[in-house]
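K.L.:
Quick one: structure below, then a few questions.
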Amino acid sequence: MPPRYKDVEECRPEIEQYIGQLESGTDDTDPELRKSGSTVRYKQDLRWYDHWLDQNNIESVLDVTPVASNQLGQDLSNEFNGTTPRYRWDRIHSFYEWLLSMDLLEDNPLGRWNDKKGELFGLTKSTEQSKQLGEDETYAVSKSEVRQMEEHVGRNRVRDQLIIRLLWQTGMRRGELSQLTLDDVDRDSREITIRVAVAKNDQERVLAYQRTAEGLLSEWLDHGYRDEMAATADHDRLLVGERGAPLSPGRINEIVIDAAKKAGLNRKLYADANAATDENGDKVANRWLISAHNVRHGYGTYMVHETGAGLWEVSKQMGHSSVKITEETYVDPDPRAGLEHAHQYGPD
């Protein structure tokens, strides 16, 4: 069992004060402020850091040196998997930036390693799923794989095909798809509004779907499939579960996983922290090669590499908080990037 980290009130005073400031800037009803889920994750990371300071016999957060922060990077890499080490490092780094703004420090002890944290400690945003891919496997699904998945959905054919098609054509997150209402879909313009209350980065955006989704949407809404499933419940969600309730993000993920499995495209990759154990106490793999997020990733990959859309436009469509996230996720380093334009448009 992992250690029980101290309550915030028992942490070092600087950490307690910083968390207090984070909490004061948290409000789920205000789109300009931090969501409570983000603050919870910050608190967990800082409570872990306070525990790490104890383990390394460092009395004050102000006593941390570049040598100690180098060890921090190594410990994060050794103790955690997936994206956790990177995000935990970033939040601790932000804490020290706050200490600098409060004139409590002259230098950020993590600053010396921050730009090289990927190559030094392996602190990247690469997921464990991407690390487990086989030689011929990719994280992003292709158009042909999407079509195979659509052909292998379960008994709720129209709804499940519509789910896969909308994920593929818009790149929206499964949580955003789950929250769509009938009014969010403008069928005349083939546009879908992701409201502020639904969007992950608290910014409204408008997405487009293609004509090939119109038939499925028409079947679902105009031929009585949705109304029949929603007969036992009164709500305006676009997608409905088997018992009439709004379809959850988890169920959307299951639909994608099952369709990919029946199409012969899916396999289990690894066991995450929530995996069950067998009779020998070994974790049983529970994370799949293809899930709803892989379909979203397929959209982003297609838009960046197969169309003339710029990174800024793709970033906005995907709801990323910055273009840098889009670039880091979808663009491989290329020393010849921009060379063709330089030949054509460079000044005399």
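K.L.:
I'd like to check something: does the stretch 312-321 contain any residue that is among the polar types (S, T, N, Q) and assigned to a loop (DSSP other than H, G, I, E, B)?
P.N.:
Yes, some residue in the stretch 312-321 is among the polar types (S, T, N, Q) and assigned to a loop (DSSP other than H, G, I, E, B).
K.L.:
Among the residues in the stretch 298-310, are any open to solvent by less than 20 Å² (accessible area, probe 1.4 Å) and in contact with a Gly (Cβ under 8 Å, 6 or more places away or on another chain)?
P.N.:
Initially, the stretch 298-310 is screened for residues open to solvent by less than 20 Å² (accessible area, probe 1.4 Å), giving 298-300.
Filter once more, keeping what is in contact with a Gly (Cβ under 8 Å, 6 or more places away or on another chain): 299-300.
Yes, the stretch 298-310 has at least one match.
K.L.:
Additional query: Examine the stretch 57-70 for a residue that is under 18 Å from Gly111 (Cα atoms), open to solvent by less than 60 Å² (accessible area, probe 1.4 Å) and in contact with an Asp or Glu (Cβ under 6 Å, 6 or more places away or on another chain), and state whether such a residue exists.
P.N.:
yes
K.L.:
State yes or no: is Val304 modelled with pLDDT under 90 and part of a helix (DSSP H, G or I)? It would help to see each step written out before you state the result.
P.N.:
Working: modelled with pLDDT under 90: yes; part of a helix (DSSP H, G or I): yes.
So Val304 fits the description; yes.
K.L.:
Turning to a different aspect of this structure: Are any of the residues in the stretch 28-36 free of Cβ contacts under 8 Å to residues at least 40 places away in the same chain, surrounded by 14 or more Cβ atoms within 10 Å (Cβ to Cβ) and of a type in the set (Lys, Arg)?
P.N.:
yes
K.L.:
Condition (residue is touching a Ser or Thr at 6+ places or on another chain (Cβ under 9 Å), on the phi < 0 side of the Ramachandran plot and of a type in the set (Ser, Thr, Tyr)) applied to the stretch 166-176: is it met by at least one residue?
P.N.:
no
K.L.:
Among the residues of the stretch 248-296, write down those that are open to solvent by 40 Å² or more (accessible area, probe 1.4 Å), at pLDDT 90 or above and of a type in the set (Lys, Arg).
P.N.:
Arg251, Lys261, Lys262, Arg267, Lys268
K.L.:
Oh, and also: Answer yes or no as to whether Glu327 is within 18 Å of Arg173 (Cβ to Cβ), of a type in the set (Asp, Glu) and open to solvent by 30 Å² or more (accessible area, probe 1.4 Å). Walk me through how you get there before you give the answer.
P.N.:
Details: within 18 Å of Arg173 (Cβ to Cβ): no; of a type in the set (Asp, Glu): yes; open to solvent by 30 Å² or more (accessible area, probe 1.4 Å): yes.
For Glu327, the condition - within 18 Å of Arg173 (Cβ to Cβ), of a type in the set (Asp, Glu) and open to solvent by 30 Å² or more (accessible area, probe 1.4 Å) - is not met.
K.L.:
Then there's this: Can we say Lys125 is within 22 Å of the chain's Cα centre (by Cα) and modelled with pLDDT under 85?
P.N.:
Numbers: within 22 Å of the chain's Cα centre (by Cα): yes; modelled with pLDDT under 85: yes.
Here the answer is yes, as Lys125 does meet what is asked.
K.L.:
Can you confirm whether Val153 is of a type outside the set (Lys, Arg), farther than 26 Å from Gly319 by Cα and in a loop (DSSP other than H, G, I, E, B)?
P.N.:
Here the answer is yes, as Val153 does meet what is asked.
K.L.:
Let me ask another. Out of the residues in the stretch 5-51 meeting the condition of being aromatic (Phe, Trp, Tyr) and either assigned to a loop (DSSP other than H, G, I, E, B) or more than 19 Å from Leu104 (Cβ to Cβ) (or both), tell me which one is modelled with the highest pLDDT.
P.N.:
Filtering the stretch 5-51 for residues that are aromatic (Phe, Trp, Tyr) and either assigned to a loop (DSSP other than H, G, I, E, B) or more than 19 Å from Leu104 (Cβ to Cβ) (or both), the one modelled with the highest pLDDT comes out as Trp48.
K.L.:
I've got another one for you. Within the stretch 190-207, which residues are within 18 Å of Arg237 (Cβ to Cβ) and among the hydrophobic types (A, V, I, L, M, F, W, C)?
P.N.:
Ile192, Ile194, Val196, Ala197, Val198, Ala199, Leu207
The values are calculated or read from the model by the stated rules, or taken from the named source; none is laboratory data. Given the structure is predicted, the values throughout are model-derived calculations rather than measurements. Quick reminder, even Gly has a Cβ in these numbers, built from the backbone with ideal geometry, and neighbours come from all protein chains shown. SASA here: full protein model, heavy atoms, side chains in, ligands and nucleic acids out. Shrake-Rupley method; radii C 1.70, N 1.55, O 1.52, S 1.80 Å.
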